[in-house]
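Peer 1: Please see the structure below; I have some questions.
Every read-out reported here was derived from the displayed coordinates using simple, explicitly stated rules and does not represent laboratory data. The structure displayed is predicted, hence computed values, not measured ones. Here the Cβ positions follow ideal geometry from the backbone for every residue, glycine too, while neighbour counts run over all protein chains shown.
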Amino acid sequence: MSAGSSADLTFDMRARRVSGLSLFNVAVIGAVVLVALLAPLVAPYPYDAQDTDALYAAPSSAHWMGTDRLGRDLLSRLVYGTRTSLLVGLASALVALVLGTAYGAVSGYVGGTVDRLLMRGLEVLYALPDLLLIILLSIVVGRGVPGMILAISLVGWMTVARLVRGEILRWRERPFVEAVRASGAGHARILFRHLLPQTVGPLIVTLTFRIPAGILAESTLSFVGLGIAAPQTSWGSLAGEGWSALKFYPHLILFPSLAIFLTMLAFNLLGDQLRDALDPTAGSHSSS
Amino acid sequence: MIRVAARRLGWGLAVLWAVATLTFVLLRVVPGGPFDAEKQLPPEILANIEAKYHLDEPAWRQYVRYIGGLAIGDLGPSFKYVGRNVADILAETFPVSFALGLVALALAVVVGLTFGIVAGERPGTGVDRAGMVAATAGVALPNFVLGALLVLIVSHRWHLLPPALWEGPRYLVLPAVTLGLGPAAYIARLTRSSLLDVAHHEYIRTAHAKGLTRGMVLFKHQLPNALMPVVTVLGPLAATLVTGSFVVEYLFAIPGMGRFFITAVTNRDYPLIMGATLLYAALLVIANLVVDLAYAWLDPRVRVE
């Protein structure tokens with residue numbers, strides 16, 4: 001740790017430099033959350049209402065984003081799809097956080113053989129590409145929203161586990177922990193009151209990156225037809241439907257794609273900024 | 001160095017065995033079999049089918065049969081492509097995916113390093129900022145969105161390149177760009193930040209002080225050290241390219257492993273799913289092994305260990 005005053009100073013400078021871009025992130029993420037929460041109020045039509053006079057209609061005043069092959073209003077479907085996509089992203093990130101923290105904390109705190117075994121197990125799972133493992137798990141846990149959340153979080157926890165283990169290892173031999181131990185504190189107290197709080201900063205950053213990763217995984221799987229299926233909808237499955245009509249009705253894929261891209265961008269930028277602000281050791285070069 | 005390689009190789013084989021076991025257990029847990037989906041089969045026919053694929057045997061015997069087959073490169077018959085072996089299907093589709101992945105990787109490395117070096121050489125300038133905004137956007141752009149945009153503009157609007165299929169070099173361009181651009185953006189960001197990290201070191205100042213040109217300092221002193229983190233991520237990156245191929249092969253109707261894997265999952269063709277999974281895992285193990293060796297070759301400190 002560097003001297004307090006200079007760290008405060010760089011923190012302050014970063015905070016100010018960052019504020020311009022933050023507005024974009026806050027606006028996009030805020031809008032997405034609001035739309036998801038208020039879907040029935042925001043959507044102009046029910047998501048499954050068909051307008052048989054307007055099949056594959058281009059964007060117009062009646063249907064701002066046009067309609068799909070069954071004459072369903074794309075804006076309304078996108079609004080309801082926001083619920084699915086955001087829910088999968090948020091929930092899978094949170095579950096991954098809990099699982100990964102537990103695994104990493106045990107591994108790092110207990111150490112020794114337990115640590116070695118747990119890390120070896122992790123290495124085996126790392127031998128499979130994330131998306132492949134998610135697909136395999138979704139065969140077992142089923143598709144649909146709960147299945148997607150479970151499959152994605154059962155892959156996402158691994159990064160968290162490594163991070164938490166590393167942090168615990170970094171902190172557990174510090175003098176202040178020794179002092180707490182010498183004063184008679186039990187393992188639970190040391191772990192929960194003294195070690196885990198040290199990991200909060202990096203964990204928040206990780207959470208911010210896990211959310212778009214979950215949204216990406218869900219939309220990718222739904223796009224190729226291995227994720228959320230009708231009648232439920234998500235940004236990915238909407239884009240997938242749009243793909244089959246790409247040549248003549250590109251609006252069907254453009255709007256869902258834009259939603260995915262902007263949301264991913266906002267979360268990734270937010271993650272970068274949080275990392276710069278909360279973790280002074282990483283990304284110190286960016287304040288050149 | 002040979003001992004390190006041998007140890008890694010042994011661990012790699014252990015990992016593959018674990019992956020094979022894991023996949024076997026996972027797919028055994030799934031309720032319902034691959035032949036349920038079709039219309040109700042008479043019980044005698046179902047029994048015949050199950051006997052043919054040894055599905056009537058106890059799980060442990062199926063497992064022993066499977067692992068035994070693996071040892072001699074036999075991945076069993078496909079459930080859906082009747083009369084074809086999983087190994088044959090993979091042997092046919094893998095070269096396609098491999099070619100696509102290799103071109104995409106080359107593209108990612110060349111484009112990523114170029115942009116990363118250009119930006120990292122002039123931190124804070126307009127070029128740097130523009131490059132990094134583009135790279136951030138590139139990281140956030142899902143490859144199916146990118147692929148759709150490319151097909152829409154380059155194929156449908158401009159009629160420059162074919163939108164699908166796999167019939168020659170022209171057919172490679174759009175899929176490779178779709179697959180490689182995200183990793184290129186990632187490499188660019190990493191190279192830039194790594195160059196900037198190295199730039200603060202004393203030996204860089206010494207190099208400047210003894211009168212070397214900027215280019216000499218960059219290529220002789222700064223870059224070799226800055227490349228270490230980039231080399232490290234190439235292994236996992238190969239994984240991204242491999243999995244990216246699911247989507248890209250689906251988008252462009254390319255007859256590679258990725259597309260067959262998706263079909264296999266939809267069809268519940270378990271032997272094909274397991275075979276493809278193992279091949280993917282083997283690729284990753286090899287990629288990481290190569291990265292480890294490259295690392296040892298680049299960094300004398302690792303070699304000693």
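Peer 1: Karplus couplings for the range A:105-116 from phi (6.51 cos²θ - 1.76 cosθ + 1.60, θ = phi - 60°), rounded to Hz, Gly and Pro as x?
Peer 2: For the range A:105-116, the Karplus-derived couplings read 5, 4, 4, x, 7, 6, x, x, 4, 4, 4, 4 Hz, x marking Gly and Pro.
Peer 1: Under 18 Å from the 7 Å Cα→Cβ point of A:LEU55, by amide nitrogen: which residues of the range A:69-104?
Peer 2: Under 18 Å, as judged by backbone N against the label point of A:LEU55, lie A:69-74 of the range A:69-104.
Peer 1: Determine the principal axes of the Cα atoms in the protein assembly as shown, then give the extent along each, sorted from largest to smallest and rounded to whole angstroms.
Peer 2: 79, 64, 57
Peer 1: In debye, nearest 20, what is the charge dipole magnitude of the range B:95-259 about its Cα centre with +1 on Lys and Arg Cβ and -1 on Asp and Glu Cβ, if you could check?
Peer 2: That gives a dipole near 340 debye.
Peer 1: Something else now. Calculate log10 I(q)/I(0) of the range A:133-282 for q = 0.09, 0.19 Å⁻¹, where I(q) comes from the Debye formula with a single equal point scatterer on each Cα and nothing for solvent.
Peer 2: These q points yield log10 I(q)/I(0) values of -0.43, -1.10.
Peer 1: Work through the residues other than A:LEU150 whose Cβ is under 13 Å from its Cβ and net out their charges, Lys, Arg +1 and Asp, Glu -1.
Peer 2: Residues close to A:LEU150 contribute a combined charge of 0.
Peer 1: If neighbour count is taken as other Cβ atoms inside 10 Å, put B:LEU237, B:LEU293, A:LEU252 in order from fewest to most.
Peer 2: B:LEU293, B:LEU237, A:LEU252
Peer 1: For chain A, divide the Cα radius of gyration by the Kirkwood radius and give the resulting Rg/Rh value with two decimals.
Peer 2: On the way: Rg = 22.5 Å, Rh = 21.1 Å.
Rg divided by Rh gives 1.06.
Peer 1: Relative contact order for chain B: what is it in percent, counting Cα pairs under 8 Å that are at least 6 residues apart?
Peer 2: 26
Peer 1: For the range A:37-62 and the range A:212-237, what is the separation of their C-alpha centers, rounded to whole Å?
Peer 2: Between the Cα centre of the range A:37-62 and that of the range A:212-237, the gap is 20 Å.
Peer 1: Tell me, what is the FRET efficiency for A:ALA27 and A:ARG116 to the nearest 0.05, using R0 = 45 angstrom and their Cβ-Cβ distance as r?
Peer 2: It comes to 0.45.
Peer 1: Quick one: helix A:4-37 against the long Cα principal axis of chain A, what's the angle to the nearest 10°, folded into 0 to 90?
Peer 2: 30
Peer 1: If each DSSP helix of 4+ residues adds -39,500 (n - 2.57) and the sum is divided by the residues in chain A, what number results at 222 nm, nearest 500 deg cm²/dmol?
Peer 2: Value at 222 nm, helices only, nearest 500: -24000 deg cm²/dmol.
Peer 1: If I stretch the segment between B:ILE153 and B:LYS220 completely, what's the gain in nm (0.36 nm per residue apart, minus their alpha carbon distance), one decimal?
Peer 2: Details: separation 67, 0.36 × 67 = 24.12 nm, distance 4.19 nm.
Extra length available between B:ILE153 and B:LYS220 comes to 19.9 nm.
Peer 1: Stick to the Cα atoms of the range B:69-121, pair each with every other, and give me the Kirkwood hydrodynamic radius in Å at one decimal.
Peer 2: 14.0
Peer 1: When 1/r is averaged over all different Cα pairs and the result inverted, which Kirkwood radius in Å belongs to the range A:62-218? Display every interim value, and only then the final one.
Peer 2: On the way: mean 1/r = 0.0570 Å⁻¹.
One over the average 1/r among Cα pairs gives 17.6 Å for the range A:62-218.
Peer 1: Please give the net charge around A:VAL224, taking every other residue with its beta carbon less than 11 angstrom from that of A:VAL224, where Lys and Arg add +1 and Asp and Glu add -1.
Peer 2: Net charge around A:VAL224: 0.
Peer 1: Kindly provide the helix-only [θ] at 222 nm of chain B, computed as the sum of -39,500 (n - 2.57) over DSSP H runs of four or more divided by all residues, to the nearest 500 deg cm²/dmol?
Peer 2: After summing the helix terms and dividing by residue count, I get -24500 deg cm²/dmol.
Peer 1: Next question, about the same structure. Give me the net charge of B:ALA59's neighbourhood, meaning all other residues with Cβ under 15 Å from the Cβ of B:ALA59; Lys, Arg count +1, Asp, Glu -1.
Peer 2: Neighbour charge sum, excluding B:ALA59 itself: 0.
Peer 1: How big is the gap, in Å, between the Cα center of the range A:113-164 and the Cα center of the range A:261-276?
Peer 2: Each part's Cα centre sits 23 Å from the other's.
Peer 1: Also, I was wondering about something else. If each residue of separation counts as 0.36 nm, what is the full-extension length gain between B:ALA47 and B:LEU13 once their alpha-carbon separation is subtracted?
Peer 2: Values: separation 34, 0.36 × 34 = 12.24 nm, distance 3.56 nm.
Full extension of this stretch gives 8.7 nm more.
Peer 1: With 10 angstrom as the radius, rank B:VAL118, B:VAL242 by how many other C-beta atoms surround their C-beta, starting from the fewest.
Peer 2: Listed from fewest to most nearby Cβ atoms, that is B:VAL118, B:VAL242.
Peer 1: Along Cα→Cβ, 7 Å out, is where each label goes; now give me the distance between the ones at B:THR125 and B:ASP299 in nm to one decimal.
Peer 2: Taking the simple label geometry, B:THR125 and B:ASP299 are separated by 3.0 nm.
Peer 1: Taking the convex hull of the Cα atoms, report for the range B:95-259 its projected area averaged over all directions, in nm². Display every interim value, and only then the final one.
Peer 2: Details: hull surface 41.5 nm².
Taking the Cα atoms of the range B:95-259, their convex hull projects to 10.4 nm² on average.
Peer 1: Lys pairs in the protein assembly as shown, Cα-Cα under 22 Å, at least 8 apart or on separate chains: how many?
Peer 2: Total qualifying Lys-Lys pairs in the protein assembly as shown comes to 4.
Peer 1: Now for a different question. Kindly provide the pair-distance distribution of chain B built from C-alpha pairs, with 20 Å bins from 0 and whole-percent values in order of increasing distance.
Peer 2: The distribution over chain B is 27, 48, 22, 3, 0, given as percents.
Peer 1: If we count other beta carbons within 10 Å of each Cβ, what is the order of B:LEU107, B:LEU241, A:LEU86, B:LEU298, fewest first?
Peer 2: B:LEU298, B:LEU107, A:LEU86, B:LEU241
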